[in-house]
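Peer 1: This is the structure I have questions about; it appears just below.
The values are calculated or read from the model by the stated rules, or taken from the named source; none is laboratory data. Computed from a predicted model, the values in this text were never measured in an experiment. Positions of Cβ are generated from backbone atoms using ideal geometry, with glycine treated the same way; all protein chains shown enter the neighbour counts. For the accessible areas, the whole protein counts, side chains as well, though only heavy atoms, and no ligand, DNA or RNA atoms are used. Shrake-Rupley method; radii C 1.70, N 1.55, O 1.52, S 1.80 Å.
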Amino acid sequence: MESRRHRAQISNFGTRLDVVTDKRRHYDQVLKKYERLDWVSKLKSHTSCVNAVTFSKNGGRWLASGGDDLRILLWDMHETKIAKPSHTFTGPTRNIFELAFTANNSYLLCGGVDSAIRRYDFQRIGISSDPDPVHTFRSHRQSIRGLAPHISNDELYMTASEEGRLFYHDTRT
């Protein structure tokens with residue numbers, strides 16, 4: 001019967017490597033890389049648990065975050081010092097679980113426990129201070145657990161919920 005020490009070693013083309021030591025060496029190398037990075041800042045504005053984050057498409061300038069405080073905060077990641085969110089969206093009445101930007105960043109989609117899909121007009125930021133959604137869809141009966149925008153058309157997206165149903169949304173109709 002093999003000893004525990006023997007089982008922890010593997011043979012790699014005739015050489016014996018201690019798996020635990022090898023993993024520890026890899027972990028130390030990863031930590032050294034991260035120690036050299038300059039962290040921009042901690043984004044602090046939510047008042048409770050954050051459940052969803054998503055970067056905008058085509059360069060990721062915008063970061064949207066949402067959670068149990070029922071607000072969607074929009075952060076401009078091109079700012080040098082991010083002190084506060086650039087914009088706040090409102091509307092959800094219960095916890096937010098899903099956020100997604102559409103293909104060309106025209107809209108920000110939101111879903112969560114209140115079973116509603118909210119579509120915010122991302123193009124109106126800076127023009128209108130209205131934080132409310134431009135459309136609210138109530139097709140599901142239970143919590144939204146998935147949002148998948150179409151890869152090229154801002155008016156098409158799929159949603160999934162806890163009830164086991166998928167919906168294909170076409171906002172052109």
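Conditions tested, residue by residue: (1) open to solvent by less than 100 Å² (accessible area, probe 1.4 Å); (2) out of contact with any Cys (no Cβ under 8 Å at 6 or more places or on another chain); (3) modelled with pLDDT of 90 or more; (4) closer than 23 Å to R94 by Cβ.
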{"residue": "I10", "(1), (2), (3), (4)": "yes, yes, no, no"}
{"residue": "K33", "(1), (2), (3), (4)": "no, yes, no, no"}
{"residue": "A64", "(1), (2), (3), (4)": "yes, yes, yes, yes"}
{"residue": "T80", "(1), (2), (3), (4)": "no, yes, no, no"}
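Peer 1: Related question: Return yes or no: is K23 open to solvent by 100 Å² or more (accessible area, probe 1.4 Å), modelled with pLDDT under 65, of a type outside the set (F, W, Y) and assigned to a helix (DSSP H, G or I)?
Peer 2: On the way: open to solvent by 100 Å² or more (accessible area, probe 1.4 Å): yes; modelled with pLDDT under 65: no; of a type outside the set (F, W, Y): yes; assigned to a helix (DSSP H, G or I): yes.
No.
Peer 1: Six or more apart or on different chains, Cβ under 6 Å: which pairs go from a residue in segment 84-101 that's polar (S, T, N, Q) to one that's part of a strand (DSSP E or B)? Could you list them?
Peer 2: Pairs found: S86/L74; S86/D76; T88/L73; N95/G112.
Peer 1: Are any residues in segment 93-115 within 22 Å of C49 (Cβ to Cβ) and among the aromatic types (F, W, Y), and if so, which ones? Please lay out each step first, then the result.
Peer 2: Step one: list which residues in segment 93-115 are within 22 Å of C49 (Cβ to Cβ), which gives 93-101, 108-115.
Scanning segment 93-115 gives F97, F101.
Peer 1: Just to be sure before I move on: is D130 charged (D, E, K, R), more than 15 Å from A52 (Cα to Cα), modelled with pLDDT of 90 or more and not in a strand (DSSP E or B) in the structure I sent?
Peer 2: Details: charged (D, E, K, R): yes; more than 15 Å from A52 (Cα to Cα): yes; modelled with pLDDT of 90 or more: no; not in a strand (DSSP E or B): yes.
No: the conditions fail for D130.
Peer 1: Determine whether I144 is open to solvent by less than 20 Å² (accessible area, probe 1.4 Å), modelled with pLDDT under 90 and closer than 19 Å to T54 by Cα.
Peer 2: Numbers: open to solvent by less than 20 Å² (accessible area, probe 1.4 Å): yes; modelled with pLDDT under 90: no; closer than 19 Å to T54 by Cα: yes.
So I144 does not fit the description; no.
Peer 1: Any residue in segment 95-103 that is farther than 21 Å from S143 by Cβ, hydrophobic (A, V, I, L, M, F, W, C) and modelled with pLDDT under 90?
Peer 2: Looking for residues that are farther than 21 Å from S143 by Cβ, hydrophobic (A, V, I, L, M, F, W, C) and modelled with pLDDT under 90, one finds none in segment 95-103, hence no.
Peer 1: Could you look through segment 66-78, keep only residues that are more than 28 Å from Q142 (Cα to Cα) and in contact with a strand residue (DSSP E or B) (Cβ under 7 Å, 6 or more places away or on another chain), and pick out the one that is modelled with the highest pLDDT?
Peer 2: Of the residues in segment 66-78, the ones more than 28 Å from Q142 (Cα to Cα) are 75-78.
Now narrow it down to the ones that are in contact with a strand residue (DSSP E or B) (Cβ under 7 Å, 6 or more places away or on another chain): 75-77.
Working: W75: 91, D76: 88, M77: 85.
Checked segment 66-78; the qualifying residue modelled with the highest pLDDT is W75.
Peer 1: Does Y107 meet the test of being modelled with pLDDT of 90 or more and touching a helix residue (DSSP H, G or I) at 6+ places or on another chain (Cβ under 7 Å)? Walk me through it before giving the result.
Peer 2: On the way: modelled with pLDDT of 90 or more: yes; touching a helix residue (DSSP H, G or I) at 6+ places or on another chain (Cβ under 7 Å): yes.
It is true that Y107 is modelled with pLDDT of 90 or more and touching a helix residue (DSSP H, G or I) at 6+ places or on another chain (Cβ under 7 Å).
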